[in-house]
Amino acid sequence: MAIESGHATSAGPMRAAVVHPRTRRHPGGDPSEYRTPEAYLAEAVGLAKAIALDVRHAEVVGLNEVHPKTYIGSGKVESLAATIAAHEIGVVIFDGPLTGIQQRNLEKDLAAKVIDRTGLILEIFGQRARTAEGALQVELAALEYQKSRLVRSWTHLERQRGGFGFLGGPGETQIEADRRVIRDRIGKIKRELDRTKKTRGLHRENRNKVPWPTVALVGYTNAGKSTLFNRLAGSEVFAADMLFATLDPTMRGVTLPSGRKVILSDTVGFIADLPPQLVAAFRATLEEVVQADILLHVRDIAHPDTNAQRADVLAVLTDLGVADAEQRMIEVLNKIDVLDADTRAHVVNTAARDPRQVALSAQTGDGIDRLMVALERQMATTREVIDVDVPLGDGQTLAWLYAKGVVHERQDDDAIAHIRVGLQPADAGRFRKRKATAD
C-alpha cells in the first residue's frame, strides 16, 4: 500500500537500510546506563519505521576509527553497496553524525540516498508537528542543519506534506541550497517565533495569576507521557505507540483528591543524542519544563534500556538549564502492566519505599491513586512557610492564599488577618511581587 508521506513509490513504502556505526572504545560511567550496539540499532530502526520506511536491512558496523571520507571503511562500503543493490534499497539511515562530505561520498558509493541521525529525527519532527509554532521550530532546526552542509536540495519549502525532503522522491532534482535565501528564511522564522514567544510569555504571566502550580511531564520518547496526560486530565491528546507522537505542548487543569488544582503540561519526548538544532529550536516551548513547580519523569520501566533513557533525559534537562531537576522530580515508573508478575511486584514494592517514585500503568490506570498522593506530598514538602498580614477587607488575597497554599495558623485582630501559610517557592515569589505591586 502506498503511503501519504511522499516517501513511497507506486510499489509501496521506500525500502531502507539502517546502519549503526560503533567504535570499540569502552564507554565508561555507570554500567547500568550502557546501551548495547544492538539496542542503538533497534532504536534507529524504530525511528525509520516512524516515518513508514520499509526497513529491509539493519546492521551494526564496528569501527576502530572514523574514516574521514565515508565514516566507515571502504571494505564495509563495498559490502553495504552490494546489500543495497540486492534489496533494491532507496535510502540508507546512518545512525550517527555525518559531515556533508561523508554524506555525499556515501551516496555516490552506495547509489542510494543517505541521511544521518539528525536528518532522520528532523524528518520525523517535520511530519509530527501539528501547530504553526511547532512547524516553524522544526523548519528552523532543519535550515540550521542544512546551512552548514549545502549538499542537499532545498525543495522542502515548496512541499505541502509533512517532512523536510531529506528522503526526497524518485527523480527529485538536487539543487544546491542558496545561502542568501536560507539566511533570509531563518531570519523570518526567528522573528515569527519571537512574536510567539512573547505571546507564550503573556500566557504564562496570566497563568501565574491563577493560584495553581504547574506540573510538567517529561521523559524519553514513547515512554507513555501522552497516555498518562490523558489519564490524568481526561482529555484526548494524540497518543500512540510510536516515537515522537507528541511535539506540540498541551496544557490542562487537573484537580487533585484534596481539591487543589494543578496545570498539567505534556511535552516533546527526549531521545539519546537529540540534535542540538532541535534543543535550540524547542527551547522556548520547553520553558514550560524549566518553569514547572514539579516534574513528572515518565519512564518506560519495561524497556531494557530504561536506566540509559533516564540518564539521557537528565542530560537534556541539564542542557536546558534545569539545574535542580531531581529536587523537583517524581519518577513515574510506567508500563507495569506489561511486566511479568514477579518483576511487577518487585518494581511496585521498590517504588513504594521511595517517596520520589511511583509505579503505575497509564494504560490501565493501576497506580494513578499512588501518583496523586505523591503529587500532594511533593507539593507539601517543597512549600515555603511564610508569615503574612492581610487586611480582612482584601478578600481576593485571602482567597488566593487559601486556594494556593496550606494555611497553618491564622489570627484575626481588628482589621488584619495574621496568617502562616505554606506556598510553593514560585508562588511565594508571586505573592511577594503581588504584595509589592499592591503597596
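The values are calculated or read from the model by the stated rules, or taken from the named source; none is laboratory data. Bear in mind the structure is a predicted one, so any value in this text is a computation, not a measurement. Here the Cβ is made from the backbone with ideal geometry for all residues, glycine too, and neighbour counts use every protein chain on show.
Data for the structure
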item	result
The range 85-111: number of residues that are surrounded by fewer than 22 Cβ atoms within 10 Å (Cβ to Cβ) and of a type in the set (Val, Ile, Thr)	2
Residue match in the range 335-353 (condition: within 20 Å of the chain's Cα centre (by Cα), buried (at least 18 other Cβ atoms within 10 Å of the Cβ) and either aliphatic (A, V, I, L, M) or outside the structural domain of Phe431 (by TED's automatic domain parsing) (or both))	yes
Condition met for Leu106 (within 27 Å of the chain's Cα centre (by Cα), in a helix (DSSP H, G or I) and modelled with pLDDT of 80 or more)	no
Residues being within 18 Å of Ala272 (Cβ to Cβ) and surrounded by fewer than 20 Cβ atoms within 10 Å (Cβ to Cβ) - total across the range 317-334	3
Residue among Leu314, Leu295 that is surrounded by 19 or more Cβ atoms within 10 Å (Cβ to Cβ) and either in the same structural domain as Lys404 (by TED's automatic domain parsing) or under 14 Å from the mean Cα position of the chain (by Cα) (or both)	Leu295
Every pair of residues 6+ apart whose Cβ atoms lie under 8 Å, when the first sits in the range 345-372 and is under 17 Å from Ser226 (Cα atoms) while the second is among the small types (Gly, Ala, Ser) and exposed (fewer than 13 other Cβ atoms within 10 Å of the Cβ)	Ala359/Ala352
Yes/no for Leu360 being farther than 16 Å from Arg260 by Cβ and either assigned by TED's automatic domain parsing to the domain that holds Lys335 or under 34 Å from the mean Cα position of the chain (by Cα) (or both)	yes
Candidates Val77, Val55, Val45 - the one that is closer than 23 Å to Met14 by Cβ, touching a helix residue (DSSP H, G or I) at 6+ places or on another chain (Cβ under 7 Å), at pLDDT 90 or above and outside any strand (DSSP E or B)	Val77
Matching residues, the range 206-223, being at pLDDT 65 or above and assigned to a loop (DSSP other than H, G, I, E, B)	Trp212, Pro213, Thr221, Asn222, Ala223
Given (1) among the small types (Gly, Ala, Ser); (2) within 30 Å of the chain's Cα centre (by Cα); (3) farther than 19 Å from Asp273 by Cβ; (4) surrounded by fewer than 18 Cβ atoms within 10 Å (Cβ to Cβ), number of the condition Gly73 does not satisfy	(2)
Complete set of residues in the range 415-433 that are among the charged types (D, E, K, R), at pLDDT below 85 and surrounded by fewer than 16 Cβ atoms within 10 Å (Cβ to Cβ)	Arg432, Lys433
Those residues of the range 224-251 which are modelled with pLDDT of 70 or more and more than 21 Å from Leu360 (Cα to Cα), in sequence order	Thr250, Met251
Residue in the range 392-409 that is surrounded by 13 or more Cβ atoms within 10 Å (Cβ to Cβ), small (Gly, Ala, Ser) and within 22 Å of Phe229 (Cβ to Cβ) present	no
Given (1) out of contact with any Ser or Thr (no Cβ under 9 Å at 6 or more places or on another chain); (2) within 22 Å of Ser258 (Cβ to Cβ), number of the condition Arg432 does not satisfy	(2)
Candidates Val268, Val279, filtered to the one that is modelled with pLDDT of 70 or more, surrounded by fewer than 16 Cβ atoms within 10 Å (Cβ to Cβ) and within 13 Å of the chain's Cα centre (by Cα)	Val279
Residue in the range 317-334 that is nearest to the chain's Cα centre (by Cα), counting only those that are under 17 Å from Gly219 (Cβ atoms) and either among the charged types (D, E, K, R) or not assigned by TED's automatic domain parsing to the domain that holds Thr267 (or both)	Asp319
So Thr343, is it among the hydroxyl-bearing types (Ser, Thr, Tyr) and touching a helix residue (DSSP H, G or I) at 6+ places or on another chain (Cβ under 7 Å)	no
Considering residues of the range 414-439 that are among the aliphatic types (A, V, I, L, M) and assigned to a helix (DSSP H, G or I) only, the residue farthest from Asp293 (Cα to Cα)	Ala438
